[in-house]
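Presented below is the structure to which this report refers.
The values are calculated or read from the model by the stated rules, or taken from the named source; none is laboratory data. Note that the coordinates shown come from a computational prediction; the quantities given were computed from them, not determined experimentally. Virtual Cβ from ideal backbone geometry, glycine too; neighbours counted across all protein chains shown. Just so you know, the surface numbers come from the protein's heavy atoms only, side chains and all, with ligands and any DNA or RNA stripped out. Shrake-Rupley method; radii C 1.70, N 1.55, O 1.52, S 1.80 Å.
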Amino acid sequence: MAFCYGVSLPVGTIIVSSRFINVYNDLYSFIITKNTSDQIKGWIIDNAGNQATYEYNFGVIANINSAYVLPIDASANQNVTKMLLFLSTASGLGRIVDISLSSAPIITATTSVYTNPSPNKLLVSAPQVLYKNQSSYFLILPYQNSMDIYSYTYNPPFPAIPSITLNRTVNFSGETIKQVLPCDKFVIVITENNASPPNGYAHFIVLALNKEFATINLTSTDGVYLTYNPTTQKTLLKTASDPIGIEVQNAPMPYGVIGMQSIQ
């Protein structure tokens, strides 16, 4: 089944990004726009193309040319109550905004948790959030040859506000990050070196500790994905040229799903 709808926005409005979000059984579009005055706004549109609530004004932020919206279902009940908005210039990531949603849905609060007045590193893969404890997540920001690991406190006790704290930076000297695969308490960072032809690697990075517990050579970094076999209870790392896969020993099933594939 497929559906489409049109949305009318003010003249001079440029759509920077759009992402579907779910509020229980309802599906909405969250659209980020800017105008000729560099005013950034967020619009929530229902599945009939109607504006669900008043647009939210994030203010004037100069030179934004891309945005990424990361919905967060903190209670795992098909209800997005948080979003992280990543705003970038041509030079790099400039701002991260924490967004709180009600079930209406309405934006109830926003907090800038990261601001870089001189952006110099571009995101090369989608940011990731992984569960840490009841009030915080690990936030993973992949750049060209490094990865920042933050603690993201999304629900602090009143009157504190959401925040992120840099835990550490993992550098991949002479390599380029292709993608990051999330697992329970660790990530698998897929990289290529600068050789011709390039060699691929899978770096297994623990999030809570300053530790890389394995590095595996890959014949290719194309079509890399994780899958789980519930019969053998094995997690396998596969590539387009390695359909048999590499077993990830002692790895838990990724977040209770029976299969996961990264699509670029």
**Message:** Out of the residues in region 201-220 meeting the condition of being open to solvent by less than 40 Å² (accessible area, probe 1.4 Å) and more than 26 Å from Asn167 (Cβ to Cβ), tell me which one is modelled with the lowest pLDDT.
**Reply:** Ser220
**Request:** Could you tell me which residue of region 126-166 is most open to solvent (accessible area, probe 1.4 Å), considering only residues that are part of a strand (DSSP E or B) and more than 19 Å from Leu93 (Cα to Cα)?
**Result:** Tyr131
**Request:** List every residue pair whose Cβ atoms lie under 6 Å apart, where the two residues are 6 or more positions apart in sequence or sit on different chains, the first residue falls within region 96-120 and is among the hydrophobic types (A, V, I, L, M, F, W, C), and the second residue, located anywhere, is part of a loop (DSSP other than H, G, I, E, B) and modelled with pLDDT of 90 or more.
**Result:** Val113/Pro162
**Asked** Could you list, in sequence order, the residues of region 96-118 that are open to solvent by 70 Å² or more (accessible area, probe 1.4 Å), out of contact with any Leu (no Cβ under 8 Å at 6 or more places or on another chain) and in a strand (DSSP E or B)?
**Response** Thr115
**Message:** Which numbered condition in (1) assigned to a strand (DSSP E or B); (2) crowded, with 16+ Cβ neighbours inside 10 Å; (3) in contact with an Asp or Glu (Cβ under 9 Å, 6 or more places away or on another chain) is the only one that Tyr68 fails?
**Reply:** (3)
**Qualifying positions in region 185-207 - assigned to a loop (DSSP other than H, G, I, E, B) and either on the phi > 0 side of the Ramachandran plot or in contact (Cβ under 8 Å) with a residue 40 or more places away in the chain (or both)** = Lys185, Leu207
**Item:** Residue in region 228-261 that is modelled with the highest pLDDT, counting only those that are part of a loop (DSSP other than H, G, I, E, B) and crowded, with 16+ Cβ neighbours inside 10 Å
**Value:** Ala251
